[in-house]
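Below: the structure, in structure tokens.
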Amino acid sequence: MLLRDAEGRARLGGVLLEAIARRGDVPTPFYAYDLDAMVDEAVDLARGFAGRDHLVCYAVKANSAGRLVRRLARAGVGADVVSAGELEVCLGAGVPPERIVWSGVAKTETELDRALAAGILSVHAESVEELARLDARARAVGKRAAVSLRINPGVEADTHANIATGHDEAKFGVPLADVPHALAEVERSSSLSLVGLSAHVGSQMVRVDEYVRAAEVTAGLARELGSRGRALSLLDLGGGMGVDYGEGCPVRPRAFVEAAARAVAAIVDVPRLLCEPGRAIVAAHGVLVTRVVQTKRWSGRDTAGWVFLDAGMNDLARPAMYGARHRVEPLAPSASPLACARVGGPVCESSDDFGTYELPWPPPDLMMIRDAGAYGFTMASQYNGRALPAEVFVEGGEVTGVSRGPDAAEWARARLAT
Ligand code: LLP
């Protein structure tokens, strides 16, 4: 948990963030994660299933750090993966294959083969065409594929357009009108075994309505299938539970699952319910710690000027990609008066801009960018020839690991090697 102590200093999982930044062996910018709090989030979310047989499949794309996935695996959490790379992380971190599902609109043949070889719980197929390809691969390798249909329930999620996935024209899922074709494809095959249905209509949803509506559509379809003698063993409610980035998200992640599980139970009796949360488990329990490199006076505007950080859009892409606001705050209290400051990174793009915040002016040397545990490091790049940020892991009130990505010199060597 991120807290301020009695002296107003930021602590993550009990550890003073300023102390890590001043140790000298951890370069800024670095991500710091409270793994205990992340595991607690997953456990709390699972309570939403209220005793029904369930599996929380953590969406690894949000944060794929091995140390985190190992902790979640030990807590009995499964995984939702979208690539062979993510599958290897999960298997290597001890997530049993029978707790792994795989979504994605364009899985390659190599990836389908890997899923079949590993024997995962379900390949979530997103099109009729994919079913045909999976059938061909399953026959080629002599395996039976456990498959679920990811349906597109036609539910519009009220979120940023780039992360809404359930509307009619989205590339994701099998549209309801095509479900009969998909079922016929499964029927034709002796290598596909239909185990379930899934839906995921968007990310960062701050109301439960769309989540529940998608679950109702999916459950309705499951009931119809059941009445035609095709009982399913699982129904996957998807991810997308929103978090509070400082602008308010009145709903706890558990409430999404609670409401959807109740809605499903009123429609159909499916043995097992799944969900695929990413952000809700990790976002709030990660921060990006960064140094102020320089300020720049900026006349004619309502701000004291620019504060330039050593963290940029290559380290945390969400503000540049989605116009997302991530609170920027000093690590320690400061005696300077507050002023409006525009916070930017070093990357040569106007979108490398974290927004305007009230900050002490002149600013202290160390800052944190909050709620960066999800879609932070996993979306980082070396654009502009920059290093990848370091990652610091906090468990049991102490730092248990530091990991460093390739630095700028390694980047230069790799480019020269081309
Ligand atoms: N399941 C499926 C099939 C998904 O596509 C996603 C996310 C999730 C689960 C997990 O969603 P979550 O619970 O984390 O909302 N980079 C964007 C978010 C992209 C989400 C993509 N799919 C961002 O930073 O907001």
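Which of the following residues is under 14 Å from A317 (Cβ atoms), open to solvent by less than 50 Å² (accessible area, probe 1.4 Å) and more than 21 Å from the chain's Cα centre (by Cα): V347, V399?
Only one candidate passes the filter, namely V347.
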Of the residues in the range 79-107, those that are within 12 Å of the ligand (Cβ to nearest atom) and either open to solvent by less than 10 Å² (accessible area, probe 1.4 Å) or touching a residue at least 60 places away in the same chain (Cβ under 8 Å) (or both) come to A79, D80, V81, V101, W102, S103, V105
Of (1) within 20 Å of R252 (Cα to Cα); (2) out of contact with any Leu (no Cβ under 8 Å at 6 or more places or on another chain), R70 fails just (1)
Note: among H124, H160, just one is open to solvent by 60 Å² or more (accessible area, probe 1.4 Å), in the same structural domain as L274 (by TED's automatic domain parsing) and either farther than 19 Å from A79 by Cα or not acidic (D, E) (or both), namely H160
When every residue in the range 220-254 that is within 28 Å of V282 (Cβ to Cβ) and outside any loop (DSSP other than H, G, I, E, B) is compared, the one nearest to the ligand (Cβ to nearest atom) is M241
(1) at positive phi; (2) within 16 Å of the ligand (Cβ to nearest atom) all hold for G397 apart from (2)
Any chance the range 140-157 includes a residue that's at pLDDT below 95, closer than 19 Å to V201 by Cβ and open to solvent by 70 Å² or more (accessible area, probe 1.4 Å)?
-> yes
Taking the range 350-379 and keeping residues open to solvent by 20 Å² or more (accessible area, probe 1.4 Å) and within 12 Å of the ligand (Cβ to nearest atom) leaves Y375, F377, T378, M379
Looking across the range 313-344 at residues that are open to solvent by less than 10 Å² (accessible area, probe 1.4 Å) and away from the ligand (no atom under 16 Å from the Cβ), the single one that is nearest to G8 (Cα to Cα) is L331
Test for R272: is it open to solvent by 10 Å² or more (accessible area, probe 1.4 Å) and within 14 Å of the ligand (Cβ to nearest atom):
no
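The values are calculated or read from the model by the stated rules, or taken from the named source; none is laboratory data. A quick note: this is a predicted structure, and the numbers were derived from the prediction, not measured. Every residue, glycine among them, receives a Cβ derived from its backbone with ideal geometry; neighbour counts consider all protein chains shown. For the accessible areas, the whole protein counts, side chains as well, though only heavy atoms, and no ligand, DNA or RNA atoms are used. Shrake-Rupley method; radii C 1.70, N 1.55, O 1.52, S 1.80 Å.
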